[in-house]
2 protein chains.
Amino acid sequence: MSESTERSISKIEEAKDKVIGAIAETMDLYGVTPAAANLYATMYFKDQMTLDEMRKELEMSKPSMSTSVRRLQEIEMVKKTFTRGSRKHTYVAEKNFFRSFMVFYCQMWEREIKMNMEAIEEAQEDLIDVIKDSSSTPGIVAEAKKYYDQLEESKTYYHWLEDLVASIRSGKIFEFLPKDQQD
Amino acid sequence: MSESTERSISKIEEAKDKVIGAIAETMDLYGVTPAAANLYATMYFKDQMTLDEMRKELEMSKPSMSTSVRRLQEIEMVKKTFTRGSRKHTYVAEKNFFRSFMVFYCQMWEREIKMNMEAIEEAQEDLIDVIKDSSSTPGIVAEAKKYYDQLEESKTYYHWLEDLVASIRSGKIFEFLPKDQQD
DNA sequence: CAAAACGTTAAATATATTTTTAATAAAATT
DNA sequence: AATTTTATTAAAAATATATTTAACGTTTTG
């Protein structure tokens with residue numbers, strides 16, 4: 001191989017590594033381990049990979065790759081692909097960031113909505129009991145009402161978040177914020 | 001204090017604790033420590049608190065409260081308030097979840113946009129060098145082009161994310177997704 | 001059917017993060 | 001100015017998380 005070819009190849013590698021580094025660094029804000037973040041970023045520039053190729057490329061253990069791939073599958077950033085003739089499982093990275101955004105945040109927000117709304121409903125029931133209790137003093141009733149109203153108001157936010165999730169899931173949000181809009 | 005009053009008070013506490021638990025649990029998905037999560041959730045039901053009150057209420061050390069408060073201030077979920085007559089610093093929780101949402105996600109997304117776009121720009125420069133290099137073989141040029149195009153396409157996403165941040169910051173998103181819309 | 005290849009699970013190790021205790025710095029009151 | 005109060009920083013301890021090595025089970029192939 002000529003020297004200039006070698007230089008070009010390493011320049012391409014360098015270019016990829018810059019992006020890989022940036023993606024991996026921002027990804028651990030998404031609650032994935034460094035190994036999973038590096039793996040996804042690496043796969044972003046590959047057609048498909050087997051566990052052994054991952055292990056070799058990242059110089060990490062196979063179980064680490066196995067666990068990372070599973071986590072990435074959970075948030076749908078990696079999918080298993082069928083490759084005829086190969087005994088090894090092959091995986092591809094989701095390269096459409098819009099899809100990754102949708103899956104990750106909708107999953108995250110729905111979890112938050114569910115958990116908090118359930119707690120709010122239960123809490124409000126308790127508070128209503130106190131308010132209705134004829135033996136409660138006016139001060140107690142006022143306090144219970146205060147918290148009840150605070151929780152009631154917070155529901156506005158969760159309803160809005162539900163709407164946001166729905167509009168992302170349905171793609172309706174792109175009517176408001178088009179994908180291709182130039183800066 | 002009468003027995004029924006006591007029962008009412010503990011029922012109110014129970015109600016609050018349910019919500020505190022839920023908020024705290026979902027909050028550590030937001031990259032804050034358990035201490036900070038519990039602290040915010042506790043403060044959500046208080047007018048204002050001093051570090052000593054926090055320490056007492058959560059039964060944790062003062063430095064832990066100090067660090068947690070600082071982190072919460074960074075994401076603007078807690079603000080310092082001036083309380084005349086008190087030497088102790090007093091803090092209040094941001095109770096408007098819309099504001100917290102805006103500050104947290106816009107901050108997060110802007111960081112991601114900046115870091116990844118910078119890397120992409122640098123990488124594309126490298127790739128252009130390779131493409132323009134007259135000594136590059138056709139295969140090398142094709143590879144460099146492939147990655148260049150992939151990166152170029154990904155910019156669509158970051159531009160969109162920028163638009164999303166802008167529409168949240170300006171409040172324009174609420175024209176599309178109103179806050180008070182009933183289910 | 002035995003041996004090899006592959007993937008996953010379990011236990012152990014390594015690493016990083018969180019929290020506390022102790023020490024220091026800053027501010028305020030007497 | 002000295003003492004006390006409050007908050008922060010630094011070092012240590014505790015805890016949790018991530019990763020690896022080793023063992024296991026399953027599938028495939030010769």
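Nothing in this text is a laboratory measurement; each read-out follows from the coordinates by a stated rule. In this text, all values refer to a predicted model and were calculated from it rather than measured experimentally. Because the Cβ atoms are built from the backbone with ideal geometry, glycine has one as well, and the counts that use them run over all protein chains shown.
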Using amide H atoms built in the peptide plane, which far-off residues or other-chain residues are under 5 Å from A:Thr81 H to H?
A:Thr90, A:Tyr91, A:Val92
What gaps in nm, shortest first, separate A:Asp180 from its twins in the other copies when you place the label 7 Å past Cα toward the beta carbon?
3.9
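For chain B, what does -39500 (n - 2.57) per DSSP helix run (n ≥ 4), summed and divided by total residues, give at 222 nm, in deg cm²/dmol to the nearest 500? Don't jump to the answer; show the numbers that get you there.
Working: 7 runs with 129 residues, N = 183.
When only DSSP H runs of four or more count, the value is -24000 deg cm²/dmol.
Any idea what diffusion coefficient segment A:26-134 gets from Stokes-Einstein, in µm²/s, Kirkwood Rh on alpha carbon pairs, 37 °C, 0.692 mPa s?
Translational D for this selection: 202 µm²/s.
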Measuring from the lowest to the highest alpha carbon on each principal axis, how far does chain B reach, largest first, in angstroms?
90, 43, 30
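Over segment B:107-176, what number does the Rg to Rh ratio reach, with both radii from the alpha-carbon atoms and Rh per Kirkwood?
Values: Rg = 16.5 Å, Rh = 13.8 Å.
Across segment B:107-176, the Cα-based Rg/Rh ratio is 1.19.
If neighbour count is taken as other Cβ atoms inside 10 Å, put A:Arg84, A:Arg55 in order from fewest to most.
Numbers: A:Arg84 4, A:Arg55 17.
Fewest to most other Cβ atoms nearby, the residues stand as A:Arg84, A:Arg55.
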Distance in nm between label sites at B:Glu175 and A:Ser2, each 7 Å beyond Cα in the beta-carbon direction?
5.7
Quick calc, the protein assembly as shown, dipole around Cα centre from Cβ unit charges on Lys, Arg (+) and Asp, Glu (-), nearest 20 debye, gives 480
Cβ-based charge dipole, the protein assembly as shown, positive-most Cα from A:Ile131, A:Phe82, B:Leu51
B:Leu51
For the protein assembly as shown (alpha-carbon point model, no solvent) the Debye-based log₁₀ I(q)/I(0) at q = 0.06, 0.10, 0.13 Å⁻¹ works out to -0.32, -0.78, -1.13
Give, as a single signed number, the net charge of other residues whose beta carbon lies under 15 Å from the beta carbon of A:Glu74, with Lys and Arg counted +1 and Asp and Glu -1.
+3
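For a quick check of your reading of the filter: which trypsin sites (Lys or Arg not before Pro) in segment A:99-183 sit in a DSSP loop and have no more than 14 other Cβ atoms within 10 Å?
Of the trypsin sites (Lys or Arg not before Pro), the ones in loops of segment A:99-183 whose Cβ has at most 14 other Cβ atoms within 10 Å are A:Lys172, A:Lys179.
For segment A:65-105, what class follows from the C-alpha gyration tensor (a ≥ b ≥ c being the square roots of its eigenvalues): rounded when a/c is under 1.5, otherwise prolate if a/b is larger than b/c, else oblate? Don't skip to the answer; put the middle values down first.
On the way: a/c = 3.76, a/b = 1.81, b/c = 2.07.
Since a/c reaches 1.5 but b/c is at least a/b, the shape of segment A:65-105 is classed as oblate.
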Please give the FRET efficiency for A:Asp47 paired with A:Glu125, using the beta carbon to beta carbon distance and R0 = 41 Å, rounded to the nearest 0.05.
0.15
Förster radius 22 Å - calculated FRET efficiency between B:Val92 and B:Leu58, Cβ distance, rounded to 0.05:
0.85
Inter-part distance where segment B:113-160 and segment B:1-45 are each reduced to a Cα centre, Å:
50
Taking the rotation that carries B onto A, look along its axis and tell me which residue of B has the beta carbon nearest to it, distance in whole angstrom.
B:Phe176, 2
Overall dimensions of segment A:26-81 as given by Cα atoms, namely Rg and Dmax in Å:
10.1, 27
